[in-house]
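Heads up: the structure comes next, in structure tokens.
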Amino acid sequence: MIRRIALLTWALLMLLSPSLVAAQVGITVTASNVDVSFPSQAVFTVNAESYVDIVDVRLYYQVNKMNYAEVVSEGWADFTPASKVEANWTWDMTNASLPPGAEVTYWWRIEDAAGNKIETSPKIMHFDDGRYTWQSLTGTVPQDGELTLFWYTGSDSFARELMDACQEGLARLTQDIGTYPKRPIKIYIYASDSDLKGAMISSNEWSGGVAFTDFGIIAISISPSELDWGKKALVHELTHLVVRQATFSPYGQLPLWLDEGLAMYNEGGLDPVLRSYLEEAILKDELISVRSLCSPFSAYSEKAYLSYAESYSLVEYLLDNYGQDKMLDLLALLKQGNTYDEALTEVYGFDMDGLDACWRATLTSPVVPAPRTSLPPALIAVLAALATTLTLWGALALEKRTWRRSSGKSTM
Ligand SMILES: [Zn+2]
């Protein structure tokens, strides 16, 4: 009987007072969305209500990229406490440098004055470059991986040819070095340097393309008229990306000659102009030591060319003479944090000086150095401007290549 009365009272209260219904439910989220203004900001909005004032609204988010540890960030939303609120949190991307196509998982945590708390289920924010109407082409890559190419200028066959080059490059990388992509790869092909520049908020040092290794994303400008250059540039960038994914670790990193050497080797063949620098240095006995090639390459163009050519040659030497397995072992030991000398000695039995000596012994001086294409004056000016940025290459994973492109050479 008491139970029946209680039930009746409850039903009556339900009819009389809708706020008591809310009391049963606590906080209700009525809407949630995110408005992306690429590339500068994303505004997250949530609407919620309760039977008492909502007093605390926070956004939690997690960037979908390779991390050494799981990182959840928090944003305190802007709103005036009330029983019905609309709260916003604006993510200013100035320091975030999210690439096009980045994905962010986010959820809200809301609390009212009565101590009720709720957490919304996670959603994904796609940080897409909405300035263009993108077409996409997806292909498979070694080890059941996936690569998607996005473009907005050029025919289907333009995209198909770029995709073929990427797939061949990745297959070559798996065959020669034994490494393969660890996560899906997205490539955004911009039609011009200025279009690409519009996609970058905080980088004013770049030109031509950027590899966001942690995200598995490459943004690069390739117009349909420069397809051949584009194919080589993409393979070079992809190689950097896959090698860095394979060696991702808080403990160690690759020496620059190995990183650049692998990327150039996987492009297939050494550019004739770079080869001429190598041959001249052999002839004049002016090779740069392996030890010196571990740190950022010279800001002087001639030395930078030689550094890249030597890097290629060193990787070629190691792969031709010792094979894929040893290279994989070397990458694994570097990833674990061994020093360059320790890793080389354990795998090959020689340290950097030993590598230097063994490699030099295999180099034969050409009788006459190959004729070299001279650099146009405009290119020399660009190189001078790039001199200060060259040293950033390793750390920022930026690829500067306007000068490469204008010289008709491969990418770096
Ligand atoms: Zn490179």
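List of remarks:
- Debye equation applied to the C-alpha atoms of segment 184-281, log10 I(q)/I(0) at 0.12, 0.24 Å⁻¹: -0.46, -1.29
- Computed from backbone phi, the HN-Hα couplings of segment 176-184 come to 7, 10, x, 10, 8, x, 9, 8, x Hz, rounded to whole numbers (Karplus: 6.51 cos²θ - 1.76 cosθ + 1.60, θ = phi - 60°; Gly and Pro given as x).
- Fewest-first ranking of Leu170, Leu278, using other Cβ atoms within 10 Å as the exposure measure: Leu278, Leu170
- Projecting label points 7 angstrom from Cα along Cα→Cβ for Cys358 and Ser194 puts them 5.2 nm apart.
- Overall form of segment 132-176 per C-alpha gyration tensor (a/c, 1.5; a/b vs b/c): prolate
- Loop chymotrypsin sites (Phe, Trp or Tyr not before Pro), segment 56-93, which have at most 16 other Cβ atoms in a 10 Å radius of their Cβ (DSSP): Tyr68
- Ranking of Tyr190, Tyr348 by count of other Cβ atoms within 10 Å, fewest first: Tyr348, Tyr190
- What the phi angles of segment 314-321 give under the Karplus curve with 6.51, -1.76 and 1.60, with θ = phi - 60°, is a coupling list of 5, 5, 4, 4, 5, 6, 5, 9 Hz, glycine and proline written as x.
- Rg/Rg_ref, segment 39-114, where Rg_ref = 2.2 N^0.38 Å and atoms are Cα: 1.25
- Computed label-point distance, nm, for sites Asp329 and Asp144 using a 7 Å Cα→Cβ extension: 3.0 nm
- Karplus (6.51, -1.76, 1.60) ³J(HN,Hα), θ = phi - 60°, over segment 210-216, in Hz, Gly and Pro reported as x: 9, 9, 9, 4, 4, 8, x
- Shape of segment 93-183, Cα gyration tensor, a/c cut at 1.5: prolate
- Cα gyration tensor, segment 233-290 - rounded (a/c under 1.5), prolate or oblate: oblate
- Where the Cα pairs of segment 130-246 fall when distances are cut into 5 Å bins, in %: 2, 12, 25, 25, 20, 11, 5, 1
- Computed label-point distance, nm, for sites Ser83 and Ser40 using a 7 Å Cα→Cβ extension: 3.9 nm
- Ranking of Ile220, Ile189 by count of other Cβ atoms within 10 Å, fewest first: Ile220, Ile189
- Interchain or long-range residues, amide H under 5 Å from Gln41's placed H: Met93
- In this calculation the C-beta distance from Phe350 to Val71 is compared with R0 = 30 Å, giving a FRET efficiency of 0.15.
- Diffusion coefficient, µm² s⁻¹, Stokes-Einstein with Kirkwood Rh over alpha-carbon pairs of segment 251-373 at 25 °C and 0.890 mPa s: 167 µm²/s
Values quoted throughout were computed directly from the atomic coordinates according to the rules given, and no laboratory measurement underlies them. On a predicted model such as this, the values are computed, not experimentally measured, just so you know. Cβ: placed from backbone, ideal geometry, glycine included. Neighbour counts: every protein chain shown.
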